[in-house]
Every structure is written in structure tokens, then in C-alpha cells.
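All remarks here apply to the structure that follows.
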């Protein structure tokens, strides 16, 4: 009788096959969960923007709504909050670019009027089908809307949450 040590090639192939089957089942579910988390984050970010715009408009009423993400963002270190940097959102949502990116979504702010009496913010997936499947939109009505085919706008479905 031979003393057997280790695994045979067949045993190793069976284990590898089982691991591959489990991965084939788990990875699509993981990607779907990640997309869902990105969409929830986008909606939460739009709620934050709505609250920030409402606070900004009531605090700096002569300026209307914020016309840029920078105006909602944090002031420079050692500076006080002002109409150009109100400190109502963090530096991710109050980025210095014309579009902010967070959790697979691209946020775009548009303001109308001087001073702005209306605003709209779009949340579009960076990669449709990979980072998100839905487009979101909010404006000075503070209602978040959703669309599955193109950017969301005022006439799209109202989000039930």
C-alpha cells in the first residue's frame, strides 16, 4: 500500500470547476447589487442637493439659488461660509468642476435667471448598464424624477421614495 499525500489531478479539477460555477452565479448578482447601490447613492445625493439649495436660497435670498456646485460646497480652510462657498455639501458634491462625479453617477447643475430663480440637477450614469440603469433629475420643485432611457426631465416618472 502506497501512502497517499495531496490531491489527485481529478480532485483539483473538480474543485476548480465548482469554484467557477459559484463565481458564474455570484458575479452577476454582485454587479447588480453594485448598480443598485450606485442608484440609491445618486438619489440620496439629489436629496442632499435639494436640501442644500433650499437652505442656500433662504440664507442668501438676494442671490437666489446656487448656480454652481462650488457655491454649495465647503469654504476654503480658515474661511467663513459665504454665498460663493456656503458649506452646505461636502467637497465631493460641492466639487469645483461644472459636473461632479460620485458612485458611478455624473451630476450636472443648471441655473436659470439672474439671480437664479430656478435650478435643475441631472444625475446620469457614467456607464449605462454598468454603473447604473436609470437617469435621475430634480429641480426647484424639489421632486426627484426618474427615466430609464435618456436623461430624466420634468415630465418623467416621480420617484416613489
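The values are calculated or read from the model by the stated rules, or taken from the named source; none is laboratory data. Since this is a predicted model, take the numbers as computed values, not measurements. Backbone-built Cβ (ideal geometry, glycine too); neighbour counts: all protein chains shown.
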Subset of segment 64-84 [surrounded by fewer than 20 Cβ atoms within 10 Å (Cβ to Cβ) and either in contact with a helix residue (DSSP H, G or I) (Cβ under 8 Å, 6 or more places away or on another chain) or part of a loop (DSSP other than H, G, I, E, B) (or both)]: 67, 68, 74, 75, 76, 77, 78, 79, 80, 81, 83, 84
Only listed residue being at pLDDT below 90, crowded, with 18+ Cβ neighbours inside 10 Å and within 27 Å of residue 35 (Cα to Cα), chosen from 152, 96: 152
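Please determine whether any residue of segment 3-25 is closer than 17 Å to residue 123 by Cα and not in a loop (DSSP other than H, G, I, E, B). Before you say what the answer is, go through the steps one by one.
Here is the first cut: in segment 3-25, the residues closer than 17 Å to residue 123 by Cα are none.
No - not one qualifying residue is present in segment 3-25.
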Residue tally, condition free of Cβ contacts under 8 Å to residues at least 24 places away in the same chain and either at positive phi or within 10 Å of the chain's Cα centre (by Cα) (or both), over segment 105-128: 1
